[in-house]
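Here the structure is laid out as structure tokens; the discussion comes afterwards.
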Amino acid sequence: MADDLRSEDGLGGVDGHSRRQRRSEVERPLLDREVPLGHQEQEPRVLAPTLHAWLDGELPAAPLRKGATARDVEFWNRLNTEAERRRHLRTPAGFEARLMEAIPQSAPQLITPWWRREFVITPMAAVSLAAALVTLAIAATVLFVAP
């Protein structure tokens, strides 16, 4: 059973327990979360119909290279040149083999934190630790008890 403490939005019941309601039954205001992206033009920029015709291959580029559409023609020419160049890129020979060799053949093991690992102590380490604790206790007794 889940308690719904947000009864002010109409989802919670009288006793604080949630009632099952569809989203369509409860009207919630939609929030506008659009974030402006810096400087924007006052009016949206629309491409000229002649530029669309040129992109569709219906007009030659020569009349469009003059005036306001020259910048757009230059942009689209550069975009097409770069796209064509990237279409012809090839990966080096042997790249796929090197990539496949770099992939581990077994699933990676989960690394457990130090506080969850098994604590193993050897007999020699236990004797050494006990001797150190006895020596420390004797030193503390001599310092604090002896006047």
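The numbers here are math on the coordinates, done by the rules we state, and not lab data. The structure displayed is predicted, hence computed values, not measured ones. With ideal geometry, Cβ positions are generated from the backbone for all residues, glycine too; neighbour counts draw on all protein chains shown.
Brief remarks follow.
- Flag if LEU59 is surrounded by 10 or more Cβ atoms within 10 Å (Cβ to Cβ), touching a helix residue (DSSP H, G or I) at 6+ places or on another chain (Cβ under 7 Å) and hydrophobic (A, V, I, L, M, F, W, C): yes
- Members of segment 80-128 found to be surrounded by 10 or more Cβ atoms within 10 Å (Cβ to Cβ), under 30 Å from ALA48 (Cβ atoms) and over 29 Å from the mean Cα position of the chain (by Cα), listed by number: ASN80, THR81
- Annotation: of all residues in segment 64-101 being assigned to a helix (DSSP H, G or I) and among the polar types (S, T, N, Q), the one that is farthest from LEU47 (Cα to Cα) is THR81.
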